[in-house]
Amino acid sequence: MHYLDHNASAPLRPEARLAMEETAAIAGNPSSVHAAGRAARARLEDARERVAGLIGAAPETILFTSGGTESAALAMAQAANGCTLVLTSAIEHPCVLENAKRGAIPMASLPVNADGRADLDALEVTLTDAPGPVFVALMLANNESGVVQPVDAAARLVHEHGGRIFCDAVQAAGKMPVDVEALGVDYLSLSAHKIGGPAGIGALYLRPGTPFVPLWGGGGQERRLRTGTENRIGAAGFGAAAKAAGDRLGSERARIAALRERLESRLHAIAPDLHIFGEAVERLPNTTLFAVPGRRAETLVMQFDLAGVCVSSGSACSSGKVEPSHVVAAMTDDPALARAAIRVSLGWNSSEADVDAFLSAAEHIFAGSRAGMVAEGRS
Ligand code: PLP
């Protein structure tokens, strides 16, 4: 099987597996004062340091959570604390969009251009016209297109206007440099399983001094901000994955970018009417969102699957729905392109053989576009 769906979930890195096995072998609650508790605490804090290191943050700014979804929910809930408008980019993950709706604060959507980049002029107009502070959510890199967003510039504008900004860096982390100081955001989310750690653990970065009201009470863990006995085994896996991803960022990035370059240029030759979303702007080096007009994404996913290649249509979370994803819809008005969008996402263990398998399947599937359309009953 050739797994080209790292943006849905990356395979577990060996370093993460080992760290979890070692941590699972020790008993102990990190809050206990005895030796076992202190050993558990040491591992948890080591993991926090490693996760913080991936984004240039101080360890005490990191809260462990149950994943990217919870981190976004915690961050979006902070809008209630002094903001009069919640502004989310049109391409945010559902964990941001759905949680934005849960507050009783008016909402607005920040549009993106055809390349899938947030419109900073529209941002400035909204910030200027808003009656009070605005809470903005802008992701660092989109999970479907891989398009990198102008988060640093957005953060400057938001702060000039007295607002706060949350950045979902779940897909960006480990695939491009992420530095919380350079970005200047107030809250930032991470998820372990997107970087080769286990699912079910993530982190929320809180800029020192940024308002944060916990959503529940309990035993007081995580500085009382996200209380509950810590998932130290998951955290150990997350920390190890973060360290491996950070240490190898330069070499993995270059290798994956070269694989993607070969994949895209060959795909252009196989399907001359190919459209690659966001091709002209900065994207994550591992992601290709493409469409061959006249095809149907859900059929293509099955055809690739039968050929032993795992890809997805839009994001995993929206697979199963027949309508195009909101990300694709925000980037094109052309229904033929929107219906056909397929995402290929590479990662730490992707190989030349994976790309070859994808390309030979694509050659077969796209051989004679007209024949393919007839086979799908749309002649
Ligand atoms: N944010 C983005 C951009 C994602 O791609 C995902 C997962 O698909 C999430 C958040 C949710 O993360 P988790 O699966 O850890 O809840």
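Take the residues in segment 74-85 that are under 17 Å from VAL170 (Cα atoms) and touching a Leu at 6+ places or on another chain (Cβ under 8 Å); name whichever of them is surrounded by the most Cβ atoms within 10 Å (Cβ to Cβ). It would help to see each step written out before you state the result.
The initial filter retains those residues of segment 74-85 that are under 17 Å from VAL170 (Cα atoms), namely 74-76.
Within this subset, residues satisfying the condition of being touching a Leu at 6+ places or on another chain (Cβ under 8 Å) are 74-75.
Details: LEU74: 23, ALA75: 30.
Per the stated criteria, the residue is ALA75.
Looking only at segment 195-213, which residues are more than 9 Å from the ligand (Cβ to nearest atom) and either assigned to a loop (DSSP other than H, G, I, E, B) or without any contact (Cβ under 8 Å) to a residue 24 or more places away in the chain (or both)?
Let us first name the residues in segment 195-213 that are more than 9 Å from the ligand (Cβ to nearest atom), namely 195-198, 203-213.
Within segment 195-213, ILE195, GLY196, GLY197, PRO198, ARG207, PRO208, GLY209, THR210, PRO211, PHE212, VAL213 qualify.
Please list, ordered by first then second residue, the pairs with beta carbon atoms under 6 Å, 6 or more apart or interchain, first in segment 125-139 and crowded, with 20+ Cβ neighbours inside 10 Å, second of a type in the set (Val, Ile, Thr).
Every condition considered, the pairs that remain are LEU127/VAL134; PHE135/VAL86; VAL136/VAL158; VAL136/ILE165; ALA137/THR88; ALA137/VAL96; LEU138/VAL151.
Give just the number: which of (1) of a type in the set (Asp, Glu); (2) over 30 Å from ILE276 (Cβ atoms); (3) in contact (Cβ under 8 Å) with a residue 12 or more places away in the chain does ASP247 not satisfy?
Only one criterion in (1) of a type in the set (Asp, Glu); (2) over 30 Å from ILE276 (Cβ atoms); (3) in contact (Cβ under 8 Å) with a residue 12 or more places away in the chain is unmet by ASP247, namely (3).
Scan SER89, SER189, SER145 and give me the residue that is touching a Cys at 6+ places or on another chain (Cβ under 9 Å), hydroxyl-bearing (Ser, Thr, Tyr) and crowded, with 18+ Cβ neighbours inside 10 Å. Talk me through it step by step, then tell me what you get.
Values: SER89 fails: touching a Cys at 6+ places or on another chain (Cβ under 9 Å); SER145 fails: touching a Cys at 6+ places or on another chain (Cβ under 9 Å).
Sole residue among the options that is touching a Cys at 6+ places or on another chain (Cβ under 9 Å), hydroxyl-bearing (Ser, Thr, Tyr) and crowded, with 18+ Cβ neighbours inside 10 Å: SER189.
Are any residues in segment 161-194 among the aliphatic types (A, V, I, L, M), away from the ligand (no atom under 13 Å from the Cβ) and in a helix (DSSP H, G or I), and if so, which ones?
Answer for segment 161-194, where residues must be among the aliphatic types (A, V, I, L, M), away from the ligand (no atom under 13 Å from the Cβ) and in a helix (DSSP H, G or I): VAL180, ALA182, LEU183.
Answer yes or no: is there a residue in segment 303-324 that is under 20 Å from LEU140 (Cβ atoms) and either touching a Gly at 6+ places or on another chain (Cβ under 8 Å) or of a type in the set (Val, Ile, Thr) (or both).
no
Helices (runs of 4 or more DSSP H) wholly in segment 41-160 with at least 1 residues that are under 15 Å from the mean Cα position of the chain (by Cα) - which ones? Let's see the steps before the verdict.
Numbers: elements: 68-77, 94-102, 120-129, 151-160.
Because the criterion is at least 1 residues that are under 15 Å from the mean Cα position of the chain (by Cα), the helices (runs of 4 or more DSSP H) in segment 41-160 that meet it are 68-77, 94-102, 151-160.
Here, each number is a calculation from the coordinates, and none is a lab measurement. Keep in mind it's a predicted model, so treat the numbers as computed, not measured. Quick reminder, even Gly has a Cβ in these numbers, built from the backbone with ideal geometry, and neighbours come from all protein chains shown.
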